[in-house]
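Have a look at the structure below before the remarks.
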Amino acid sequence: MIKHENIETNAGLLIVLTLIVISIGGLVEIVPLFYINDTVEKVSGVRPYTPLELRGRDIYQREGCYLCHSQMVRPFRDEWLRYGHYSLAAESQYDHPFQWGSKRTGPDLARVGGKYSNAWHVAHLINPRDVVPQSIMPNYPWLQTTDLDYSDVQARMRALKKTGVPYSETQAEFDRNVAAFGPETANKLDILHAEENLMQQALTNDYDGQRDRVTEMDALVAYLQVLGTMVDFSKYDEGYFAEFR
Amino acid sequence: MSDKKARSQGAVQTTGHAWDGDIQEFNNPLPTWWLWAFYATVVFALIYWVLYPAWPVGGSFTKGMFNDITFVDSDGSVKTTHWNTRALLIRDLKEGKEARLSQEYMSKVADASYAQILADPEMMAYTRSVAKGLFGDNCAACHGAGGQGVIGLFPNLADDAWLWGGSIEQVHKTIADGRYGFMPAFSDTFDAKQLRDVASYVLSLSGNPVDGVARARGEKIFQTQEGGCHYCHTPAGTGLKSQGAANLTDQIWTIADVNGTDDPAVKLERVEKVISGGVQRQMPHWSERLTPAQIKLLTVYVHELGGGQ
C-alpha cells in the first residue's frame, strides 16, 4: 500500500497520480463517443476540403478568426432562426482541429457559405467598415496583396491523412474516394495533383477579383464560401437527426 | 487571537504530520453547510442519471425515463423519443408559445396574396417588425441597416430608383432568384478620347454641363453599333429593367460616385472608370436559405422601403 505520506513527499509520484486521476474524467467523457453507434449522423455530401479551401482554413487559423467567430450553430430556436440548421457532428468530421470556437464577438460562421457574394467578402475582409459601418472586426488588407504560398500543400494533406482524413495517394485510395464521393470530388482529394487543383479552383472562380494572381484572399474566401453548404438538409426528416442524441 | 492560541495549544486536531520538526497541519472539519451542499449535488446527480441520458452502455447509452418528447416530424408523422435537445427544438419550433404566435401570422401571410397583405394594417405591422429582423440578419451586411447601400458595391434600396424594377413581382423575383448585374468592360473597345466622349454624353443625360463637341461625338458612340450602349440603357438612356441596366438620366448613381464630388473633371473620370472597367455585381438568391413566407415578408418590406411602385 502506498501511504499518503509517501505520495506527499514524492513530487514525481504525486504528478503521475494526479495526471491519472484527471485523465479518468476526460476518458469517461470522450472514449464512449468512439464506440457509441449514434454519434456521427450518416449524411451524404460531407467531404474533406479541397487544397485551396484547406489553405484558406490554415489562414483562418493563422489570423485567429476563431477567437471572435464560432462555427457551431446550437439546437436552439433563436440560433435556428438567425443562422439556419444547427451544426451536425458529421459536418466537422474532417476538421482537425475543429473550429467550433467558444467566443462570439462576431456572428457564428458555420453557415456563412453562399450567404454573401465573393465581392462582399473581399471588401469586408479588406476593411469591414466599408460595408458594415458599425463593425468592430479588424482589417485584413494583406490577404489581398499576399500571394498564396502553396508549396507545402501536399505535406499538409499528408499530415491530415494520418489523422484519418481520406485524401488519396495510391490508386486504391483514389478508387475508394471515387466510390465514396464521386469522380469529380475524388480528383480534388488527390494529393498528387494538389497544386494543379488548387490553381484551377482559384483561377476559375477568381474569388478575389484579381484574375492573374492567386492570393491568400482567394483561399480564405473559398473556405468561407463552402462552410455549412455540404449537407442538403431538404433530403432528411428532422426527426432523423434527433436519433443521434 | 485567543482562537489561534487555542490551536497552538492543541485544542484543534492535527493531521499528525510534522515537517521540518515543528510545522504541523490542522485538520478542521468541513463546514456543515458545505458538506450538505455536497451531499445535495450527489443526490441531484443520482436523480439526473435516472431521468436524463447519462451513462454509456456497450454501443449505446442509458436514455433516461419519464420525460420522453413527442414531436411532429418533417414528414408529418408523430414520433416519440428520449429527452434530447434536438427533439426539444423540433417541438419548440412547431409548438412553442412564441412559435405558435408567429406561426399564426406566418401562415396567414403565406396564404395571403400581396394585395391582401398590403391592404391589411395588422399584417403590415407584423410584416414590418419581423422583416426588419430578417433584413438585419440577411441583407444589412450588403445593403446597410436602413437599406441605404454602399455606392459602387451594393445598391440603395431606400430610394425609388430601381435597377430591376420596383413592382412587388420584380422585387420578389430579385430576392428569390438573385440578380447578376453585368455590363461589359470597354477598356479594349475605346481609346482615351472615345472614353471621354462617351462619358461626357452620359453625364449630359442627367443635366451635367459638359463640353458640347465631345458630347456630340459621344452621342454617336452611345447610339450606334460602335458602343452599343443603347441596347441596354435604351436610346433615351433610361435603362432596361430586364437587364438591370441603370437609368442614366436621373441624378441617382449606384456605381460611379458622381454626386460625391463637385469637380466636373473628377465626375468625368469616375464615369470613365465604370465604362472602361465594366460592372459585375452579384445579388445572391435566397430561395434556398429563406422560406417562401419569409421572402414574401422581405418583398413587402423592401417594396415599402423604396416607396413602393
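When restricted to residues that are in contact with a Leu (Cβ under 7 Å, 6 or more places away or on another chain) and either part of a loop (DSSP other than H, G, I, E, B) or under 17 Å from B:Ala145 (Cα atoms) (or both), region A:132-152 contains 2. Identify, please: which residue in region B:275-299 is closer than 19 Å to B:Lys173 by Cα and in a helix (DSSP H, G or I) and is, among those, most open to solvent (accessible area, probe 1.4 Å)? Looking at residues that are closer than 19 Å to B:Lys173 by Cα and in a helix (DSSP H, G or I), I get B:Pro292. Could you run through region A:61-77 and say how many residues are within 14 Å of another protein chain (Cβ to nearest Cβ), in contact with a Lys or Arg (Cβ under 7 Å, 6 or more places away or on another chain) and aliphatic (A, V, I, L, M)? Total meeting the criteria: 1.
Determine if region A:91-98 includes at least one residue that is open to solvent by less than 60 Å² (accessible area, probe 1.4 Å), touching a residue at least 24 places away in the same chain (Cβ under 8 Å), more than 10 Å from every other protein chain (Cβ to nearest Cβ) and not in a loop (DSSP other than H, G, I, E, B). Yes, region A:91-98 contains a residue that is open to solvent by less than 60 Å² (accessible area, probe 1.4 Å), touching a residue at least 24 places away in the same chain (Cβ under 8 Å), more than 10 Å from every other protein chain (Cβ to nearest Cβ) and not in a loop (DSSP other than H, G, I, E, B). Scanning region A:186-228 for residues that are hydroxyl-bearing (Ser, Thr, Tyr) and under 16 Å from A:Gly113 (Cβ atoms) returns A:Tyr207, A:Tyr223.
Consider A:Leu203 carefully, then state whether it is among the hydrophobic types (A, V, I, L, M, F, W, C) and open to solvent by 70 Å² or more (accessible area, probe 1.4 Å). Before you say what the answer is, go through the steps one by one.
Working: among the hydrophobic types (A, V, I, L, M, F, W, C): yes; open to solvent by 70 Å² or more (accessible area, probe 1.4 Å): yes.
For A:Leu203, the condition - among the hydrophobic types (A, V, I, L, M, F, W, C) and open to solvent by 70 Å² or more (accessible area, probe 1.4 Å) - is met.
Close Cβ contacts (under 7 Å, 6 or more residues apart or on different chains) running from residues in region B:169-181 that are closer than 12 Å to B:Ser287 by Cα to residues that are in a strand (DSSP E or B) and open to solvent by less than 70 Å² (accessible area, probe 1.4 Å) comprise B:Thr174/B:Met283; B:Gly178/B:Met283.
Would you kindly identify the helices (runs of 4 or more DSSP H) lying entirely within region B:171-274 that contain at least 3 residues that are over 35 Å from the mean Cα position of the chain (by Cα) and not basic (Lys, Arg)?
Details: elements: B:192-205, B:212-223, B:229-233.
Those helices (runs of 4 or more DSSP H) span B:192-205, B:212-223.
Residue count for region B:1-37 under the criterion of being modelled with pLDDT of 85 or more and among the β-branched types (Val, Ile, Thr): the result is 2. The set of residues in region B:41-76 that are of a type in the set (A, V, I, L, M) and within 13 Å of chain A (Cβ to nearest Cβ) comprises B:Ala54, B:Val57, B:Ile69, B:Val72. Quick check on A:Val231: is it among the aliphatic types (A, V, I, L, M), buried (at least 17 other Cβ atoms within 10 Å of the Cβ), within 13 Å of chain B (Cβ to nearest Cβ) and closer than 20 Å to A:Gly114 by Cα? Yes.
Considering only region B:116-144, how many residues are open to solvent by less than 60 Å² (accessible area, probe 1.4 Å) and in a helix (DSSP H, G or I)?
The initial filter retains those residues of region B:116-144 that are open to solvent by less than 60 Å² (accessible area, probe 1.4 Å), namely B:117, B:120, B:123-127, B:130-131, B:133-144.
Now drop any that are not in a helix (DSSP H, G or I), which leaves B:117, B:123-127, B:130-131, B:133-138, B:140-143.
Residues in region B:116-144 being open to solvent by less than 60 Å² (accessible area, probe 1.4 Å) and in a helix (DSSP H, G or I): 18 in total.
Quick one: B:Ala110 ticks every box in (1) in contact (Cβ under 8 Å) with a residue 60 or more places away in the chain; (2) within 12 Å of chain A (Cβ to nearest Cβ) except a single one, so which number is it? Every condition holds for B:Ala110 apart from (2).
I need the strands (runs of 3 or more DSSP E) fully contained in region B:1-111, keeping only those with at least 1 residues that are under 49 Å from the mean Cα position of the chain (by Cα). Reasoning before the result, please.
Numbers: elements: B:14-19, B:23-26, B:69-72, B:78-81.
The strands (runs of 3 or more DSSP E) meeting that bar are B:69-72, B:78-81.
Might you let me know whether region B:145-165 holds any residue that is assigned to a helix (DSSP H, G or I) and surrounded by 15 or more Cβ atoms within 10 Å (Cβ to Cβ)? Within region B:145-165, none of the residues are assigned to a helix (DSSP H, G or I) and surrounded by 15 or more Cβ atoms within 10 Å (Cβ to Cβ).
Could you give every pair whose Cβ atoms fall below 7 Å, whose first residue belongs to region B:85-96 and is within 7 Å of chain A (Cβ to nearest Cβ), and whose second residue is of a type in the set (Phe, Trp, Tyr) and part of a helix (DSSP H, G or I), counting only separations of at least 6 or pairs across chains? Cβ pairs passing all conditions: B:Arg86/A:Phe241; B:Leu89/A:Trp80; B:Leu93/A:Trp80. Of note, A:Gly56 does not satisfy the criterion of being in a loop (DSSP other than H, G, I, E, B), under 29 Å from B:Cys142 (Cβ atoms) and not basic (Lys, Arg). Residues that are out of contact with any helix residue (DSSP H, G or I) (no Cβ under 6 Å at 6 or more places or on another chain), in a loop (DSSP other than H, G, I, E, B) and either free of Cβ contacts under 8 Å to residues at least 12 places away in the same chain or open to solvent by 50 Å² or more (accessible area, probe 1.4 Å) (or both) do occur in region A:7-22, at least one of them. Scanning region B:286-308 for residues that are among the β-branched types (Val, Ile, Thr) and away from every other protein chain (no Cβ under 12 Å) turns up B:Ile295, B:Thr299, B:Val300, B:Val302.
The values are calculated or read from the model by the stated rules, or taken from the named source; none is laboratory data. Since we're looking at a predicted model, the values are computed, not measured. Note that each Cβ is placed from the backbone with ideal geometry, even for glycine, and that neighbours are counted across all protein chains shown. Note: accessible area is taken over every heavy atom of the protein model, side chains too, but ligands, DNA and RNA are not part of it. Shrake-Rupley method; radii C 1.70, N 1.55, O 1.52, S 1.80 Å.
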